[in-house]
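Heads up, the thing below is written out as structure tokens.
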Amino acid sequence: MTTPSDWTSRKVRETFLSYFEEKGHRRVASSSLVPAEDPTLLFTNAGMNQFKDVFLGRETRPYVRAASAQKCVRAGGKHNDLDNVGYTARHHTFFEMLGNFSFGDYFKEEAIAFAWELVTDRYGFDPKRLWATVYTDDDEAAKLWERYLPAARVLRFGEKDNFWSMGDTGPCGPCSELHVDQGPHVPGDATPNGRGDRVMEIWNLVFMQYERDAEGKMTPLPKPSVDTGAGLERITALLTGKNNNFDTDLFTPLIHKIEAISGKTYRGGMAEEDAPFRVIADHLRAATMLMADGVMPANTGRGYVLRRILRRAARYGRRLGIEGPELCGLVEPVFSVFEGVYFGDPHRTLKNEVWELVRSEERSFAKTMSAGADRVGEAITEARRKEETSLTGKTVFRFYDTYGIPLELIEELAQDEGMAVDRAGFEKELEEARERSKGASKF
Ligand code: GLY
């Protein structure tokens, strides 16, 4: 095994892809973060998305084995990690998924054998630190893991943990995960799917067998297939001896840039006070990569999620004293981290365009923010005067609807002043407004 200091994210990615090339897989480039012609999907959320129709038997390719490093975003839709970001060691909006795929070629036996060899022999994880999990009734997968692991380290879980589907409809199947125990120095349970980060899932092997339709009916796929997903950030963290993804080379250049912009120091580890650094680094990675794939900030759909990500970053920026349009300074290091991986040369024009877009979004948010902060501030003073402890749904809805102040922003400003927000009341107002506009459109 190489020593922790030999590993870099580039080496982890390359080791994965060349291992599977050796095993007869075609190396396929990442697809765009904007799924091609798939209205069921907000953003590309897994390596298998670009192969969805191949699994469903609607498309054939000149190969039956593939491997990729895929750009993914999970923010909105079925897999949504947005609200956890910054407070855990391993949630991201943008992340890279390493995957190998079999289109009706090999199935469970080879998928498990490949995963085991790569993880223990090429990456050099100590087999004594590994656990596998399988779907409740998947005796076949359990038996296969028992070739490598003691039976006590092969556990069974239900649908929530060990059944994977791309979305509400589409290809799906039981899955089997590999987990690594980082040891007692990391807080958390000593078994998979428990509390804390001590035992960390690193690889999900999906045994694609069904297509689920809108009614939930499952039809067997033409051929059982394999779809796997391993988070590059986690594997890099583990191999470099870090217990959180933000301390890897994928993030440190961004964190250094935030330190330079804010004049504040990041302590490393997972100190809660440092969450703004992690949120900003994560969100600027996501925003840069989304914009580089052509997503523009907007008030609906993908563009709205992008806008929310950028605005969340800007709000956290304010906690570090960053008020001007300075987060655009992170576009450059994001491009450098992915140079030669997702960006070929020359990409200068693209980088400048993304930089301009981030800057202009930051500027317009700063305007909303100061106007919003004033209005919300007045409402808070008024509520206090009346000895109320929360802003009413009506008030919040007025800010949202008339002045375009995002709900999260109102909540955050209120929270800073120790004031609650009547969210249920707000939702009711929103629903009523929707009904009114439906009625109006009938005429
Ligand atoms: N498609 C496998 C995964 O996302 O875990």
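Give region 274-303 a look and list any residue that's in a helix (DSSP H, G or I) and β-branched (Val, Ile, Thr), or say none.
Val279, Ile280, Thr288
Pick out the one residue from Gly404, Gly418, Gly340 that is loosely packed, with under 13 Cβ neighbours inside 10 Å and either touching a residue at least 60 places away in the same chain (Cβ under 8 Å) or closer than 30 Å to Lys11 by Cβ (or both).
Going through Gly404, Gly418, Gly340 in turn, the sole match is Gly340.
Being touching a helix residue (DSSP H, G or I) at 6+ places or on another chain (Cβ under 7 Å) and among the basic types (Lys, Arg), is that true of even one residue in region 124-139?
no
Sort out which residues of region 33-79 are under 21 Å from the mean Cα position of the chain (by Cα), within 13 Å of the ligand (Cβ to nearest atom) and either without any contact (Cβ under 8 Å) to a residue 12 or more places away in the chain or assigned to a helix (DSSP H, G or I) (or both), and write them in order of number.
Once the filter is applied, which keeps residues that are under 21 Å from the mean Cα position of the chain (by Cα), within 13 Å of the ligand (Cβ to nearest atom) and either without any contact (Cβ under 8 Å) to a residue 12 or more places away in the chain or assigned to a helix (DSSP H, G or I) (or both), region 33-79 yields Gly47, Met48, Asn49, Gln50, Phe51, Lys52.
Which of the residues spanning region 377-406 are part of a helix (DSSP H, G or I), in contact with a strand residue (DSSP E or B) (Cβ under 8 Å, 6 or more places away or on another chain) and either under 18 Å from Arg319 (Cα atoms) or among the small types (Gly, Ala, Ser) (or both)?
Ala379, Ala383 - these are the residues of region 377-406 that are part of a helix (DSSP H, G or I), in contact with a strand residue (DSSP E or B) (Cβ under 8 Å, 6 or more places away or on another chain) and either under 18 Å from Arg319 (Cα atoms) or among the small types (Gly, Ala, Ser) (or both).
Which residues, taken from region 229-243, are hydrophobic (A, V, I, L, M, F, W, C) and in a strand (DSSP E or B)?
Result: Ala230, single match.
Of all residues being at negative phi, more than 15 Å from the ligand (Cβ to nearest atom) and of a type outside the set (Lys, Arg) in region 21-32, which is nearest to the chain's Cα centre (by Cα)? Just the residue, please.
Ser32
Could you tell me whether Gly124 is more than 16 Å from the ligand (Cβ to nearest atom), surrounded by fewer than 20 Cβ atoms within 10 Å (Cβ to Cβ), on the phi > 0 side of the Ramachandran plot and touching a residue at least 24 places away in the same chain (Cβ under 8 Å)?
Yes; evaluated as a whole, the condition is true for this residue.
Of the residues Ser360, Ser262, only one is surrounded by fewer than 18 Cβ atoms within 10 Å (Cβ to Cβ), over 24 Å from Leu98 (Cβ atoms) and at pLDDT 95 or above; which?
Ser360
From the list Asp274, Asp293, which one is under 15 Å from Val34 (Cβ atoms) and out of contact with any helix residue (DSSP H, G or I) (no Cβ under 8 Å at 6 or more places or on another chain)?
Step by step, each of Asp274, Asp293 is checked, and only Asp293 is under 15 Å from Val34 (Cβ atoms) and out of contact with any helix residue (DSSP H, G or I) (no Cβ under 8 Å at 6 or more places or on another chain).
Looking only at residues that are under 30 Å from Pro222 (Cα atoms) and either surrounded by fewer than 19 Cβ atoms within 10 Å (Cβ to Cβ) or not charged (D, E, K, R) (or both) in region 170-196, which one is nearest to the ligand (Cβ to nearest atom)?
Step by step, filter region 170-196, then rank; the result is Cys175.
Run down Val341, Val358 and say which single residue is among the aliphatic types (A, V, I, L, M) and part of a helix (DSSP H, G or I).
Val358
Report the residue count in region 203-247 for those that are within 16 Å of the ligand (Cβ to nearest atom), of a type outside the set (S, T, N, Q) and over 18 Å from Asn84 (Cα atoms).
Count: 16.
In region 197-236, how many are without any contact (Cβ under 8 Å) to a residue 24 or more places away in the chain and surrounded by 14 or more Cβ atoms within 10 Å (Cβ to Cβ)?
Residues that pass the stated criteria total 1.
Going through region 15-32 one residue at a time, which ones are part of a loop (DSSP other than H, G, I, E, B) and surrounded by 15 or more Cβ atoms within 10 Å (Cβ to Cβ)?
Matches in region 15-32: Lys23, His25, Val28, Ser30, Ser31, Ser32.
For region 237-251, give me each residue that is buried (at least 22 other Cβ atoms within 10 Å of the Cβ) and small (Gly, Ala, Ser).
Ala237
Taking only region 143-169 into account, find how many residues are surrounded by fewer than 19 Cβ atoms within 10 Å (Cβ to Cβ) and either touching a residue at least 40 places away in the same chain (Cβ under 8 Å) or over 27 Å from Val73 (Cα atoms) (or both).
The qualifying residues number 11.
Considering only region 165-198, state which residues are hydrophobic (A, V, I, L, M, F, W, C) and either at pLDDT below 95 or farther than 27 Å from Val12 by Cβ (or both).
Met166, Cys172, Val186, listed by residue number.
Could you go through region 87-101 and let me know if any residue there is in a loop (DSSP other than H, G, I, E, B), among the polar types (S, T, N, Q) and free of Cβ contacts under 8 Å to residues at least 12 places away in the same chain.
Taking every residue of region 87-101 in turn, none turns out to be in a loop (DSSP other than H, G, I, E, B), among the polar types (S, T, N, Q) and free of Cβ contacts under 8 Å to residues at least 12 places away in the same chain.
When you scan region 3-14, do you find a residue that is within 15 Å of the ligand (Cβ to nearest atom), of a type in the set (Phe, Trp, Tyr) and buried (at least 18 other Cβ atoms within 10 Å of the Cβ), even just one?
No: region 3-14 contains no residue that is within 15 Å of the ligand (Cβ to nearest atom), of a type in the set (Phe, Trp, Tyr) and buried (at least 18 other Cβ atoms within 10 Å of the Cβ).
Out of (1) more than 13 Å from the ligand (Cβ to nearest atom); (2) closer than 30 Å to Met291 by Cβ; (3) touching a strand residue (DSSP E or B) at 6+ places or on another chain (Cβ under 7 Å), the odd one out for Phe95 is which?
Unmet condition: (1).
Could you check, for region 110-119, whether at least one of its residues is surrounded by 20 or more Cβ atoms within 10 Å (Cβ to Cβ), over 20 Å from Leu232 (Cα atoms) and not polar (S, T, N, Q)?
No, region 110-119 contains no residue that is surrounded by 20 or more Cβ atoms within 10 Å (Cβ to Cβ), over 20 Å from Leu232 (Cα atoms) and not polar (S, T, N, Q).
The values are calculated or read from the model by the stated rules, or taken from the named source; none is laboratory data. Just so you know, these numbers come straight off a predicted model, no measurement behind them. Because the Cβ atoms are built from the backbone with ideal geometry, glycine has one as well, and the counts that use them run over all protein chains shown.
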